[in-house]
Amino acid sequence: MTEIATLAGGCFWCLEAAFQQLKGVSNVASGYAGGTVPNPSYEAVCTGTTGHAEVTQVEFDPAVISYRDLLDVFFTIHDPTTLNQQGGDVGTQYRSAIFYQSPEQERTARATIGALEAEKVWDDPIVTEVVPLTVFYPAESYHRDYYNRNQNQPYCRAVIAPKVAKLRKHFMEKLKAS
């Protein structure tokens, strides 16, 4: 039986590209969550007025990869200390957030953040929101599998590729066979 993790850590193309490579992950979908406007478009979300974050929804088999493992990857491949920003991507739609779907996911998220803060992994405090998922809206089809279809685009090479490389360096044992 699979579970779903819904995570926001900047541009959804970055998270999608990383989570697709993990063993135990059967599906990754980019979309929007956390806002007030039903069925938002990418263009509307980019204005910052809908309240949505760009998110990645990860379907995974907890017998193969745990929710905590997914959070460890999440906190490795994005900066959870910058409010409403990841690198050059600025706005509330790029905030760091964990949209939990069960009390267990909430406990695990809060415990993970607590452990990272206790370890003083970053100089600045973690600003990642931990909030319940109310609704997930899938992104438009042209966002799906974006990195794999556009690896030579400048954004993919400059922003996404280093995150994928970081994933491979730190989580080699959790990667799917090539």
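The values are calculated or read from the model by the stated rules, or taken from the named source; none is laboratory data. Here the structure is a predicted model, which is why all the values come from computation and not from measurement. Positions of Cβ are generated from backbone atoms using ideal geometry, with glycine treated the same way; all protein chains shown enter the neighbour counts. Note: areas computed on protein heavy atoms with side chains; ligands, DNA, RNA excluded. Shrake-Rupley method; radii C 1.70, N 1.55, O 1.52, S 1.80 Å.
Using 0.36 nm per residue and subtracting the Cα-Cα separation, the extra length available between Phe136 and Glu119 on full extension is 2.9 nm.
Mean residue ellipticity at 222 nm from the helices of the chain, using -39,500 (n - 2.57) per DSSP H segment of n ≥ 4 over the full residue count, to the nearest 500 deg cm²/dmol?
Helices in the chain give a 222 nm mean residue ellipticity of -9000 deg cm²/dmol.
Taking all protein chains together and rolling a 1.4 Å probe, Arg107 ends up with roughly 140 Å² accessible. Could you tell me the center-to-center distance, by alpha carbons, between region 134-178 and region 23-76 in angstrom? That distance is 13 Å. Here is the tail figure for region 1-86: Cα pairs spaced more than 20 Å apart come to 34 percent of all pairs. Just checking the listed ones, Asn152, Asn27, Asn39: in the Gaussian network model of the chain with Cα springs under 10 Å, the one fluctuating most is Asn152. Rounded to the nearest angstrom and listed largest first, the equivalent-ellipsoid semi-axes of the chain from its Cα gyration tensor are 21, 20, 17.
For region 80-119, the spread of Cα positions along the three principal axes, ordered from largest to smallest, is 32, 26, 9 Å.
Taking Cα centre as origin and charging only the Cβ of basic (Lys, Arg, +1) and acidic (Asp, Glu, -1) residues, the dipole magnitude of the chain rounds to 480 debye. The orientation-averaged projected area of the convex hull spanned by the Cα atoms of region 89-156 comes to 6.8 nm².
Charges only on Cβ, +1 for Lys and Arg, -1 for Asp and Glu: so what's the dipole of region 48-120 about the Cα centre, in debye to the nearest 20?
Dipole size: approximately 220 debye.
Pairs spanning more than 22 Å between alpha-carbon atoms, out of Lys120/Lys174; Lys120/Lys166; Lys120/Lys176: Lys120/Lys174; Lys120/Lys176.
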